[in-house]
Amino acid sequence: MKSLGRIVSICNKELVHTNCAADTISSGQSLTLNQTLISNSGTFELGYFTPGNSRNYYIGIWYKKVSVQNKTVVWVANRDTPLTDSNSSEFKLLENGNLVLLNLSKLAIWSTESKSNVNLSYEGVLGDDGNFVLRTGVRPSDVFWQSFDYPTDTFLPGAKIGYNRITNKQLSLTSWKNSNDPARGLYSLELDRSVDQYFIQSNLNRYWNSGEWNGRSFSLIPEMTLNSNFNFSFVENENESYFTSSADTTSSTLSRLVMDSSGQFNQFSWVGDAQAWFSLWSQPRQQCEVYRYCGEFGICQDNASVCTCLNGFQPRSPIDWNLNDFSGGCMRKTSLQCGDDDRFLQVHLVIETSNQRLNYDIETADNCEQSCLNDCSCNAYAFNTSCLLWNESLFNLQQFQDSDDGISIQLRLAASEIPSPEGKKTLKAYIIVLIVGSILIGILGCGLFAYKMKQRGKIKYKSRETSPPVFSIDQESEQGKLELPSFDLSTIAAATNNFSNKLGQGGFGSVYKGNLQDEREIAVKRLSRSSGQGVEEFKNELMLISKLQHRNLVRLLGYCIDREEKILLYEYMPNKSLDAFLFVNASTLLMVLHEAFFIYTVILDSK
């Protein structure tokens, strides 16, 4: 048996194209695990590969010149019949012109099924366009099989995607299952035979059309014309209709179109300086437009990179979800009891209506709910003026922030998956009592301290100023009375990245997170200019707060007064209130009570 290792040293001079070429395999020769074919220019390589974290082996073609962590594979021979052991495998061109992949038992698990005259000589050649062809050695131009006629998920310049009327053969792209598995996935790109356009479908359901060809591009993909290095064309005659592309021969830019496992059709271009593939355009533009992208009971959000499950559900296959393959959808955490013990949770979302059942005879929401409970297959209901029932899995679920799109449905869940109303009330009451109690204790402490200070004649109140004064350098002499360091506004702006990391906002100001130069984390409260507090009142209260520094309050680190700006710097404590400081004069006492629930909100946000 000949192996490719002998190709380099043995030349069959009877052939027009010598067997010494590294891009060629001849009749009777084979490739084994560590042997490859490389196209003449070195652009493409053919051989064995394992995708991602898979342990399976495949025969494929990938970019030789592209150096990325995982091979950029453009064609797979045995995508649905992987090898589990490649050590005794052979990729062999038989004497009859048939190309086969043999397993450990020497059984063919894949072949071109291209048998011809045994008396002829055959060779397989990997071209610089990424096309692997079988041809006769006597007439190299006589190609009787080529990989371009059996595309997987990638469309290269020079290939065709369309329909052959003579052979009745459809050339289409089919996605990988996921990044670890090149098996046929859910999504395919095909030519619509009735009009000059392409469509993407999943499980025979079309969810995207390219629009008709206008002479330069498909009407719904105007981005096709943006890259001048690639020319697209649509050909239609009595024998075939197909879409093809060609690359500028003066350009070395690599490009490919891919029907990927996310359900989108993309054009990628290789940028050598960045050593990365960049997407020129994607269709559909929004991921959530892909049909059933998140599977059953999965929610798609355009501003999120991954799907989520409805409340009470979890991913059916966490492994697939980690690979961004969400097609398996979600499953219930707790099975339904099929009876009155089940409960309903209200969810607002956009939902597929093809599998809903409309019942006009039910005239009330209570009867609609009972109708769903009486049917063990009912997963949700909604009632407006009529009763909508979903007796199958829920698909194409979408949620939008700050949008009224969609409807409110009642999702059926096991009783154990519904939070107890009593438990919610108890927790809420506990939190309210805790917050109000802390505020009252703080007010009492501040009041007592203020009383003692007043008795000593150290507290002086001035009438409110009609306009905010400028805090000049002369006033800095009062800093000693405040017993707190003063910070420049520029220092605070730098520490908070120009007040960009906002933690929360109340009626009297906003709270920002920052880092001082000594790496201390701080919480910065920037008082609103409309708070109505004068500089002297502000400094008086600063003096009280700095002297109080109760152990249950967040420690005040400093302050800033710069024209109309009045700012407080606190020690940042992730599990404490960011506004846990108290004002001691009567006008601000009401403000503290007014902001109690704002403080509670910031506490929860910081956990």
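The values are calculated or read from the model by the stated rules, or taken from the named source; none is laboratory data. Fair warning: this is a prediction, and the values are worked out from it, not measured in the lab. Heads up, the Cβs are rebuilt from the backbone with ideal geometry, glycines too, and the neighbour counts pull from every protein chain shown.
Hey, any hits in the range 146-161 for a residue that's over 29 Å from residue 123 (Cβ atoms) and in contact with a strand residue (DSSP E or B) (Cβ under 6 Å, 6 or more places away or on another chain)?
Applying the first criterion (over 29 Å from residue 123 (Cβ atoms)) to the range 146-161 yields none.
No, the conditions are met nowhere in the range 146-161.
One residue stands out among those in the range 274-303 that are among the acidic types (Asp, Glu) and under 15 Å from the mean Cα position of the chain (by Cα): the one that is surrounded by the fewest Cβ atoms within 10 Å (Cβ to Cβ), which is 302.
Return yes or no: is residue 324 surrounded by 13 or more Cβ atoms within 10 Å (Cβ to Cβ) and either under 30 Å from residue 371 (Cβ atoms) or touching a Lys or Arg at 6+ places or on another chain (Cβ under 7 Å) (or both)? Here the answer is no, as residue 324 does not meet what is asked. If we scan the range 44-54, do we find a residue that is modelled with pLDDT under 95, under 41 Å from the mean Cα position of the chain (by Cα), among the small types (Gly, Ala, Ser) and assigned to a loop (DSSP other than H, G, I, E, B)? The answer is yes, given that some residue of the range 44-54 is modelled with pLDDT under 95, under 41 Å from the mean Cα position of the chain (by Cα), among the small types (Gly, Ala, Ser) and assigned to a loop (DSSP other than H, G, I, E, B).
Residues that are of a type in the set (D, E, K, R) and in a strand (DSSP E or B) were ranked within the range 122-137; the one that is nearest to residue 59 (Cα to Cα) is 123. Considering 283, 346, 314, 301, the condition of being closer than 30 Å to residue 376 by Cα and touching a Leu at 6+ places or on another chain (Cβ under 9 Å) is satisfied by 346 alone. Residues of the range 337-392 being surrounded by 14 or more Cβ atoms within 10 Å (Cβ to Cβ), polar (S, T, N, Q) and under 24 Å from residue 289 (Cα atoms), which ones? Matches in the range 337-392: 355, 356, 379, 391. Taking first residues from the range 328-349 that are farther than 14 Å from residue 313 by Cα and in the same structural domain as residue 368 (by TED's automatic domain parsing) and partners that are in a strand (DSSP E or B) and of a type in the set (S, T, N, Q), the Cβ contacts under 9 Å between residues at least 6 apart in sequence or on separate chains come to 346/408; 346/410; 348/408; 349/398; 349/408. When the range 209-225 is filtered for residues that are closer than 18 Å to residue 155 by Cα and touching a residue at least 40 places away in the same chain (Cβ under 8 Å), the ones remaining, listed by number, are 210, 221, 223, 224. Residues that are of a type outside the set (Val, Ile, Thr) and free of Cβ contacts under 8 Å to residues at least 24 places away in the same chain do occur in the range 253-267. Scanning the range 51-82 for residues that are crowded, with 16+ Cβ neighbours inside 10 Å, without any contact (Cβ under 8 Å) to a residue 40 or more places away in the chain and of a type in the set (Lys, Arg) yields 64, 71.
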